[in-house]
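Colleague: Sharing a structure below in structure tokens format, with a few things to ask.
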């Protein structure tokens, strides 16, 4: 199978962790990081072996975040993220980012400035590469609820350039239900709703998935990998046609699954759960979406036909408009 040139759809990819390595290396001196070797680069910017938990992974994102220090760079990174996706065979791409995370520590940056720069980069890439790109706004669940309100307001105000709203960061110890009103308001305003849930390997993970659906109105679940532990949750996902944005390598590196061979992707697919294939944070994980396709083919016997089914699911449940999707996909 020519998996590199297979056309693909990606619904779950974080812009902040999709920075091209050559760009990181060029910008590192400007953020006070002296890279003398490939080992130095890996130390600051890569996660290639499993870490003890999701919190440890999230803390390593901070050095990469530092390079988003002006609008020109943000536009460049956004364009390059789309170009790299195009080179992976991705024709329809949803990129998500957290305004609060992106501007943190950059005193002259605002939500408005950052978003305008991202939109400029994305729109240039859409034109150059004949692809459809949608932006998803992220609320960080680890921040005060007041911050969530300001991010929600921002997303709704800019719903002409956002396609959805997401809740991300460590779900352990950070209940999703207090954010319910923001997500229901965004959904009413026309934004799609996806929620990181059921990612961490903890007993309550399947319940977190139901909370996202029942209280936040989630139409898709980011990860949701732990649903296999509860047949009732799997049945709920199947009955309500709610797809999972699965990210196999990410789940291994964050400790959501102990070994890549233990990933339940095949189990979920065969059970009838709607599955989509994603790379999550390709820059920091040193992978691309083709890597995930090869992983599924080599470890779980996925065929071209099954990849087509996953992409058909992703197409149907993408928050990007039908006209825009159809033009890029055909």
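Colleague: If you take the residues of the range 249-284 that are free of Cβ contacts under 8 Å to residues at least 12 places away in the same chain and assigned to a helix (DSSP H, G or I), which of them is surrounded by the fewest Cβ atoms within 10 Å (Cβ to Cβ)?
Modeller: The selected residue is 262.
Colleague: Are there any pairs with C-beta distances below 8 angstrom linking a residue in the range 49-65 that is more than 13 Å from residue 256 (Cβ to Cβ) to a residue that is at pLDDT below 85 and surrounded by 15 or more Cβ atoms within 10 Å (Cβ to Cβ), with the two at least 6 apart or on different chains, and if so which?
Modeller: Short answer, once both residue conditions are applied: 60/51.
Colleague: Keeping to the range 91-100, report how many residues are more than 30 Å from residue 7 (Cβ to Cβ) and either out of contact with any strand residue (DSSP E or B) (no Cβ under 6 Å at 6 or more places or on another chain) or in a strand (DSSP E or B) (or both). Lay out the reasoning, then the answer.
Modeller: Of the residues in the range 91-100, the ones more than 30 Å from residue 7 (Cβ to Cβ) are 99-100.
Now restrict to residues that are either out of contact with any strand residue (DSSP E or B) (no Cβ under 6 Å at 6 or more places or on another chain) or in a strand (DSSP E or B) (or both): 99.
Total meeting the criteria: 1.
Colleague: Taking the range 53-85 only, how many residues are modelled with pLDDT under 90, within 17 Å of the chain's Cα centre (by Cα) and in a helix (DSSP H, G or I)?
Modeller: Of the range 53-85, the ones modelled with pLDDT under 90 are 53-63.
Narrowing further to those that are within 17 Å of the chain's Cα centre (by Cα): 54-55, 57-62.
After this cut, where a residue has to be in a helix (DSSP H, G or I) as well, the list is 54-55, 57-59, 62.
Qualifying residue count, the range 53-85: 6.
Colleague: Given the structure, is residue 149 buried (at least 17 other Cβ atoms within 10 Å of the Cβ) and touching a helix residue (DSSP H, G or I) at 6+ places or on another chain (Cβ under 7 Å)? Let's see the steps before the verdict.
Modeller: Values: buried (at least 17 other Cβ atoms within 10 Å of the Cβ): no; touching a helix residue (DSSP H, G or I) at 6+ places or on another chain (Cβ under 7 Å): yes.
For residue 149, the condition - buried (at least 17 other Cβ atoms within 10 Å of the Cβ) and touching a helix residue (DSSP H, G or I) at 6+ places or on another chain (Cβ under 7 Å) - is not met.
Colleague: When you scan the range 169-190, do you find a residue that is more than 26 Å from residue 91 (Cα to Cα), in a helix (DSSP H, G or I) and under 18 Å from the mean Cα position of the chain (by Cα), even just one?
Modeller: Initially, the range 169-190 is screened for residues more than 26 Å from residue 91 (Cα to Cα), giving 169-186, 188-189.
Add one more test, that the residue is in a helix (DSSP H, G or I), and what stays is 177-186, 188.
Checking the rest, the ones that are also under 18 Å from the mean Cα position of the chain (by Cα) come to 183.
Within the range 169-190, one or more residues are more than 26 Å from residue 91 (Cα to Cα), in a helix (DSSP H, G or I) and under 18 Å from the mean Cα position of the chain (by Cα).
Colleague: Related question: Read through the list (1) touching a strand residue (DSSP E or B) at 6+ places or on another chain (Cβ under 9 Å); (2) modelled with pLDDT of 95 or more; (3) under 30 Å from residue 32 (Cα atoms), then give the number of the only condition that residue 161 fails.
Modeller: Residue 161 satisfies every listed condition except (3).
Colleague: Out of everything in the range 201-221 that is surrounded by fewer than 23 Cβ atoms within 10 Å (Cβ to Cβ) and under 19 Å from the mean Cα position of the chain (by Cα), what residue ends up being nearest to residue 264 (Cα to Cα)?
Modeller: Here the answer is 201.
Colleague: Another question, then. For the range 101-115, which positions are within 11 Å of residue 68 (Cβ to Cβ), free of Cβ contacts under 8 Å to residues at least 60 places away in the same chain and touching a strand residue (DSSP E or B) at 6+ places or on another chain (Cβ under 9 Å)?
Modeller: 114
Colleague: While we're on this one: So how many residues does the range 116-141 have that are touching a strand residue (DSSP E or B) at 6+ places or on another chain (Cβ under 7 Å) and assigned to a loop (DSSP other than H, G, I, E, B)?
Modeller: Number satisfying all stated conditions: 2.
Colleague: Tally the residues that are without any contact (Cβ under 8 Å) to a residue 12 or more places away in the chain and either surrounded by 24 or more Cβ atoms within 10 Å (Cβ to Cβ) or within 19 Å of residue 173 (Cβ to Cβ) (or both), restricting the search to the range 188-200. Spell out how you get there, then give the answer.
Modeller: First, pick out the residues of the range 188-200 that are without any contact (Cβ under 8 Å) to a residue 12 or more places away in the chain: 188.
Next cut, either surrounded by 24 or more Cβ atoms within 10 Å (Cβ to Cβ) or within 19 Å of residue 173 (Cβ to Cβ) (or both) only: none.
Of the residues in the range 188-200, 0 are without any contact (Cβ under 8 Å) to a residue 12 or more places away in the chain and either surrounded by 24 or more Cβ atoms within 10 Å (Cβ to Cβ) or within 19 Å of residue 173 (Cβ to Cβ) (or both).
Colleague: Oh, and also: For the range 116-131, name all the residues that are surrounded by 22 or more Cβ atoms within 10 Å (Cβ to Cβ) and in contact (Cβ under 8 Å) with a residue 60 or more places away in the chain.
Modeller: Passing the criteria: only 118.
The values are calculated or read from the model by the stated rules, or taken from the named source; none is laboratory data. Treat the numbers as computed from the prediction; the structure is a model and nothing was measured. Because the Cβ atoms are built from the backbone with ideal geometry, glycine has one as well, and the counts that use them run over all protein chains shown.
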